[in-house]
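These notes concern the structure reproduced below.
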Amino acid sequence: MNASLTVTSSSSQQVNVTGTVTNNTPNPASNWQVAVALNNSTLSQGVNNAEANMIGGQAVFSPNSNASVLQPGSSTTFTFSVKPTSTSNFTPTISLVDGVANGTYGVGTKANGIDAIAQTAATTAINVAVAYENNKLANNGDANYLQYDNLLWTAQSYAISGNTIVFDPNMPGYNFVPQQAMAELAFAQQNPSVAAYLVDGLQSCFIDTSSNFIFNFRAQILKGLTSGTTTTGSINGVVFPAADYHPSGYNVNTVVDNYSTVGLGKGGTTITSTLTSENSSSAVEDFWFGILTYTYLNAFSNTTAVAAKYGPQGTAAACSPFNGPGGTANPYFTITLNGSQVAARFQGVGAQGYNINKSTIVIDPVAYMTPGVQYDAADYELGPQINPFQLSPTSLYAITQNSSMWAIETANSQQTWGQFSLPVTMFGVTKYQFVDQGAIPPGTTFDP
């Protein structure tokens, strides 16, 4: 999926632009989003053949109600106008085309331009990691026990089973994966679009990356995470690959990395965790710092079956199925290192320095899938509100804390209401499915 902008006319008062979106994927695209940086201009009236929403300071264009499915190889156009606010750098430019990794599967609401499939994948990544960290099975003497936490999001840890992805029984540390983490992965994939996103993302990893490079995420920063709380703590430095260069005398036990993780609070929309480095000795730099680093598969034993899932031509990069297919980073699943965003296909070792390193992960989660009571931007509890989870109502699940909550779901311009009242159990974990109660009776009002 790609897009381009063409200026059809321009003056000091108005710039008229035509956008072209082309589906270069092998699948029909029911949704696409084109994020446009307006630069020194403001969006004017007169958007045609698309809907525009301002999200994060950018104009995000998506199909309107008259748009048809964009078939493979076909294109569509939309037009809009902007008003310059400066005499220079006022021409809009494309900042993100959402299609390869997300839009092909997206059924995002036209009201906010959010791709609910990609957002659900990001939420699933968080839920799997939190469930693992809070329920990881006890060590039985395995020397690599502490390193297994870091493998939770890497492609090596998963396999394709039918139309879903599952934890690979051959993955290093599989015996310590708790049922709760398996359940989180399974619940999300009850929706076939989410399952397809993760399956295609994993298959993409197997095709275009190397089996030997592991997406080494420091999941310990999510231990104890609950909604509306901040957890803090410290962890030792990364156990780096033995074959890689490191300073003489470097010892991970002399490096202390501090983290602060903020769960969803009132009015909050993201889960944010920040990791900073602090050395116990000023003479020792943190050489392998970051929320995301890499390590080698061959650092673990008996991994022949894991490596066999990969093709022979993969690039030397680490990969995660939660980014989706195509190597485009999931916009709701971002990791930065010293201010720069980490790419979907990660090839770096992290950062090095003396007390100057900072790494942050931001997850924009789906309400009802994350722990605890949640609130909208107006500080109202999410209950009798329009449902922010824009997937099929039959595939909505709430955790125990949100069971029996009411929600309003909008489909085909028809609002219906329902309640999370049907218990569903997977891997011994119970969640509550949304039960549609039909059209909202005329004149009904809600007390927030």
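The values are calculated or read from the model by the stated rules, or taken from the named source; none is laboratory data. No experiment lies behind these values; they were computed from the predicted model shown. Glycine gets a Cβ as well: all are built from the backbone with ideal geometry, and neighbour counts include every protein chain shown.
For region 300-343, enumerate the residues that are within 11 Å of the chain's Cα centre (by Cα), modelled with pLDDT of 85 or more and aliphatic (A, V, I, L, M).
I335
Restricting attention to region 224-231, does a residue exist that is surrounded by 17 or more Cβ atoms within 10 Å (Cβ to Cβ), touching a residue at least 60 places away in the same chain (Cβ under 8 Å), closer than 18 Å to C319 by Cα and not assigned by TED's automatic domain parsing to the domain that holds Y397?
no
Which condition breaks for D286 when tested against (1) buried (at least 19 other Cβ atoms within 10 Å of the Cβ); (2) at pLDDT 80 or above?
Every listed condition holds for D286 apart from (2).
Please specify each residue of region 411-448 satisfying the condition of being of a type in the set (A, V, I, L, M, F, W, C), closer than 22 Å to A116 by Cβ and either at pLDDT below 80 or outside any strand (DSSP E or B) (or both).
A411, I440 - these are the residues of region 411-448 that are of a type in the set (A, V, I, L, M, F, W, C), closer than 22 Å to A116 by Cβ and either at pLDDT below 80 or outside any strand (DSSP E or B) (or both).
Going through region 139-181 one residue at a time, which ones are crowded, with 20+ Cβ neighbours inside 10 Å, among the aliphatic types (A, V, I, L, M) and not in a loop (DSSP other than H, G, I, E, B)?
L151, A155, I165, A181
Taking only region 70-93 into account, find how many residues are part of a strand (DSSP E or B) and over 19 Å from A50 (Cα atoms).
1
Go through region 332-347 and report how many residues are touching a Leu at 6+ places or on another chain (Cβ under 7 Å) and not aromatic (F, W, Y).
Qualifying residue count, region 332-347: 2.
Being touching a Phe, Trp or Tyr at 6+ places or on another chain (Cβ under 7 Å) and among the basic types (K, R) is the filter here, so list the residues in region 199-237 that pass it.
Result: no residue meets the conditions.
Only one of these conditions is not met by K83: (1) under 23 Å from N330 (Cα atoms); (2) modelled with pLDDT of 90 or more. Which number is it?
Against the list (1) under 23 Å from N330 (Cα atoms); (2) modelled with pLDDT of 90 or more, K83 comes up short only on (1).
If you check T25 against the conditions, is it surrounded by 12 or more Cβ atoms within 10 Å (Cβ to Cβ), at pLDDT 90 or above and closer than 22 Å to A118 by Cβ?
Against the criterion (surrounded by 12 or more Cβ atoms within 10 Å (Cβ to Cβ), at pLDDT 90 or above and closer than 22 Å to A118 by Cβ), T25 does not qualify.
Looking at region 286-329 only, could you name the residues that are in a helix (DSSP H, G or I) and out of contact with any Cys (no Cβ under 9 Å at 6 or more places or on another chain)?
L297, N298, A299, T304, A305, V306, A307, F322, G326 - these are the residues of region 286-329 that are in a helix (DSSP H, G or I) and out of contact with any Cys (no Cβ under 9 Å at 6 or more places or on another chain).
Considering region 109-127 alone, what residues qualify as being more than 8 Å from the chain's Cα centre (by Cα), aliphatic (A, V, I, L, M) and at pLDDT 85 or above?
Of everything in region 109-127, just one residue is more than 8 Å from the chain's Cα centre (by Cα), aliphatic (A, V, I, L, M) and at pLDDT 85 or above, namely I126.
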